[in-house]
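Visitor: Shown below is the structure under consideration.
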């Protein structure tokens, strides 16, 4: 089950990243219906699915996090373990929160221009946080680009 969830989480990453880029790009347009359009909704759905699989891995399925929490002090001294125990999850939860905030703020905006600005800022920051928190190959906690 662990391997299946890792594969799902890995592939959802690409959907969420693409949706983030797409929603951010859509916010730069001049469409009158940009107060929370389909690109933003798809981004939120992708982020929520990604977060759900990630939290299931983090809290229940991953033997790695279970081991890290048994000796949290040692995990904090190990840069790779610290990345998984604290940094990755913190950046990703912040990215999900920013995406949701951007969608809500856009829907409450008085003008389409204000809605686009709010989406552009929140979706852009959310996407940047996802990029920063992803374990890219070659980084200290690097993982493969595509799991199979």
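Visitor: Find the relative contact order for segment 1-82 and round it to a whole percent, using C-alpha pairs within less than 8 Å whose residues are 6+ positions apart.
Guide: With pairs under 8 Å counted, the relative contact order is 33 percent.
Visitor: Which of (i) 52, 31, 27; (ii) 73, 33, 23; (iii) 39, 35, 29 is the computed Cα extents along the principal axes in Å for the structure on display?
Guide: (i)
Visitor: Using only the alpha-carbon atoms, how far is helix 88-108 inclined from the longest principal axis of the chain? Give it as 0 to 90 degrees, nearest 10.
Guide: It works out to around 10 degrees.
Visitor: How far is helix 112-133 tilted, in degrees, relative to the longest principal axis of the Cα atoms in the chain, given as a value from 0 to 90 rounded to the nearest 10?
Guide: Roughly 10 degrees between the two axes.
Visitor: May I ask for the angle, rounded to the nearest 10°, between helix 2-27 and the longest principal axis of the chain, with both axes built from Cα atoms and the value confined to 0 to 90°?
Guide: Value to nearest ten degrees: 20.
Visitor: Okay, moving on. Hey, what did the chain get for relative contact order, percent, Cα under 8 Å, at least 6 apart?
Guide: Across the chain, relative contact order equals 33 percent.
Visitor: Short version: what are the Cα gyration tensor semi-axes of segment 77-134, square root of 5 times each eigenvalue, largest first, in whole Å?
Guide: 30, 9, 5
Throughout, read-outs are computed from the coordinates displayed, never taken from laboratory work. All figures in this text were calculated on a predicted structure; none of them were measured in a lab.
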